[in-house]
Structure formats: structure tokens, C-alpha cells
Amino acid sequence: MKKIYWYIICDGKLFLPNGELPCEEFCPVAPAEGMIVFGLGLIDGVPARAVCCQEKLTDLVGLRDAYELLPEKFYKPALVALEKVLWDLNSQRCPVCGGRMDPAGFSSKRCCTCGKPQYTIIAPAAIILIKRKKSALLVRAKNFRGSFYGLVAGFVELGESLEECVVREAYEETGLKLKNLKYFGSQIWPYPNSLMLGFTAESINGDITLQDSELTDAQFFTIDNLPELPRKDSLARKLIDSWIAEQTAASIPQSATPSFSDLEAFKSAAILS
Ligand SMILES: [Zn+2]
């Protein structure tokens, strides 16, 4: 019997009976009518599929909480499953004529009445680690859950480049002007259909003017007085950890690392004693 990992999305959450991903030959719940069953590749040689369910289910877990329950190899496909199912759910009807949209490829649909194509939609967002001397700017946003500090972030607006978005968001939220902008990396952000792109930059000015409609606090922190940080899987945390590693390396004085000749001298002295 060939088993399949089933990523069942219901009300934007993942079906995890007993905290585990169902692994069965057939989908354990009835998939929503007219919705696509998406292939998610293989996990340890076992195929994984994403389906939408519109039945009333219990054992539903939000994707952020699922991180605590699922091993990493199961977690990333869950993010992809949510993205795909939400796209399918939100593109059932043609935005031009209201006709039915049929699948027309891996990431596209076509209206069966007027032929309008529709592709998956990704909303890019930028997140920025802003450095100043030996410190980095960490912020508390009103929408953060818990008590951790994160980074300035925001969505790219129409007609704006990523770089322009980074500069605008930093200035709007904190009044800081930036230089030396560098790309760091990216991360799927399916809340609901975003791609988060990470940058580092240095602030030209140090005076923070807080935008209190979005933030409750923003401060420059050094590595020895850091507040609670975001979760390890987040791009924010990867940016912060990378900066901490950079600061830690920079704080080790050159003389503290024994040179080859010092080691040789130490060995000789040890032998002699
Ligand atoms: Zn149409």
C-alpha cells in the first residue's frame, strides 16, 4: 500500500490529528469540491500532497504553532501547502467576467469563458536589520505576538523597487536614513501569499522617531543587552544571528588568538618544563 503525506488545509490552518501529519493511502477527509490537489514532492521518498477541506474539522493548528509540532522536513512543505491552497481558493472565479477558472499549468489558471490567464500572486515584503556602530535596531510592532523584539519590515508598494521599499519603511517607522544596503536572503511568508526579502543596512542618523501607529518601541541594542529575540526559523532571527556572529568575531582581539609561533613557543616551553 503506497502511503502519502496529506497536508490538509482548513480555514487557513493545518489538520494535525494528535499533533501529527496524516500519512495514509487516501486522504482521510473529503477534499473540497472543485479544488486542486497539489503535489508537494517527496519527503524521505514518500509523496506529499496538499488539499483544501471545507468540512468542520477539529485538530486544526495554525502554521506558526505547527512549527513547534512538526520536524523541519515536514514544516516547509506546510508553508507551501498553505500558499497553494489559499491561491486556489481565492482564484475560483475570473476577475473579468466571473467565469470558472480552470488549472492551466503548474502555477496558473485560465478562465473557461473569456480565456483570461491568472498566475499565482506573490506579495514581496522587505525586512531590514539596521546597524549603527556596534548596535542593531530591534523593534516591537503592535502586531507581534509574545514579548520578543524583531526588525523593521513592510510590504513593497506598487511602482517601488525593493531598495526603495527598505529605505521608505525604515524612514516611516523610525525616522532613520540608510546607507550600505545589502541583500541577505529570503523566506516564504505565507500569511497569506508573501515572500520576505531580508536586507542589512547602516543608519546615517541615530535619532529614532517612532511611528507609534505600528511600533510600540524601537531601540539600538548591543550584543550584551539583547531583548527576547524572534523564533529561530524566522528570517528576522537569521539576520540577527548573523549580525551577532559578526559582532562576536569582531570583538575577539587579534592577540587573543595564538599565532603559530606562539603555539610553537608554548609547546617548547611545555616540553622543557
Ligand atoms: Zn473570464
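The values are calculated or read from the model by the stated rules, or taken from the named source; none is laboratory data. Note that this is a predicted model, so its numbers are computed, not measured. Glycine also receives a Cβ, built like all others from the backbone with ideal geometry; neighbour counts cover every protein chain displayed. With ligands, DNA and RNA removed, areas are computed over all heavy atoms of the protein, side chains included. Shrake-Rupley method; radii C 1.70, N 1.55, O 1.52, S 1.80 Å.
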- Got a number for residues in the range 93-126 being under 30 Å from GLU214 (Cβ atoms), out of contact with any Phe, Trp or Tyr (no Cβ under 7 Å at 6 or more places or on another chain) and at pLDDT 95 or above? 1
- Query: Among LYS56, LYS131, which is the only one that is farther than 28 Å from LEU158 by Cβ, in the same structural domain as ILE204 (by TED's automatic domain parsing) and more than 16 Å from the ligand (Cβ to nearest atom)?
  - Reply: LYS131
- Note on the structure: With the first residue restricted to the range 52-73 and required to be open to solvent by 30 Å² or more (accessible area, probe 1.4 Å), and the second required to be of a type in the set (Gly, Ala, Ser), Cβ contacts under 6 Å at 6 or more apart or on different chains are GLN54/ALA32; LEU69/GLY19
- Answer yes or no: is there a residue in the range 96-110 that is away from the ligand (no atom under 16 Å from the Cβ) and touching a residue at least 40 places away in the same chain (Cβ under 8 Å). no
- Task: Just need a number here: residues in the range 175-191 that are closer than 19 Å to LEU210 by Cα and either small (Gly, Ala, Ser) or at pLDDT below 95 (or both).
- Result: 1
- Message: Please determine whether any residue of the range 33-42 is touching a strand residue (DSSP E or B) at 6+ places or on another chain (Cβ under 9 Å), free of Cβ contacts under 8 Å to residues at least 12 places away in the same chain, within 30 Å of ALA104 (Cβ to Cβ) and part of a strand (DSSP E or B).
- Response: yes
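Residue by residue, here is whether (1) assigned by TED's automatic domain parsing to the domain that holds GLU246; (2) hydroxyl-bearing (Ser, Thr, Tyr); (3) surrounded by 13 or more Cβ atoms within 10 Å (Cβ to Cβ); (4) touching a Pro at 6+ places or on another chain (Cβ under 8 Å) holds:
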residue	(1), (2), (3), (4)
SER194	yes, yes, yes, yes
LEU197	yes, no, yes, yes
ALA201	yes, no, yes, no
ILE204	yes, no, no, no
LEU210	yes, no, yes, no
LEU215	yes, no, yes, no
ILE223	yes, no, yes, no
PRO230	yes, no, yes, no
ASP233	yes, no, yes, no
- Message: Against the conditions (1) within 14 Å of the ligand (Cβ to nearest atom); (2) over 30 Å from VAL166 (Cα atoms), where does GLN118 fall short? Just the number, please.
- Response: (2)
- Output the residues belonging to the range 129-175 that are of a type in the set (Gly, Ala, Ser) and either within 20 Å of the chain's Cα centre (by Cα) or outside any loop (DSSP other than H, G, I, E, B) (or both). SER135, ALA136, ALA141, GLY146, SER147, GLY150, ALA153, GLY154, SER161, ALA170
- Item | Enumerated strands (runs of 3 or more DSSP E) restricted to the range 75-122, each holding at least 2 residues that are surrounded by 14 or more Cβ atoms within 10 Å (Cβ to Cβ) and not assigned by TED's automatic domain parsing to the domain that holds GLY62 | 101-105, 108-111
- Message: Out of everything in the range 134-167 that is under 26 Å from VAL80 (Cα atoms) and of a type in the set (S, T, N, Q), what residue ends up being farthest from the ligand (Cβ to nearest atom)?
- Response: ASN143
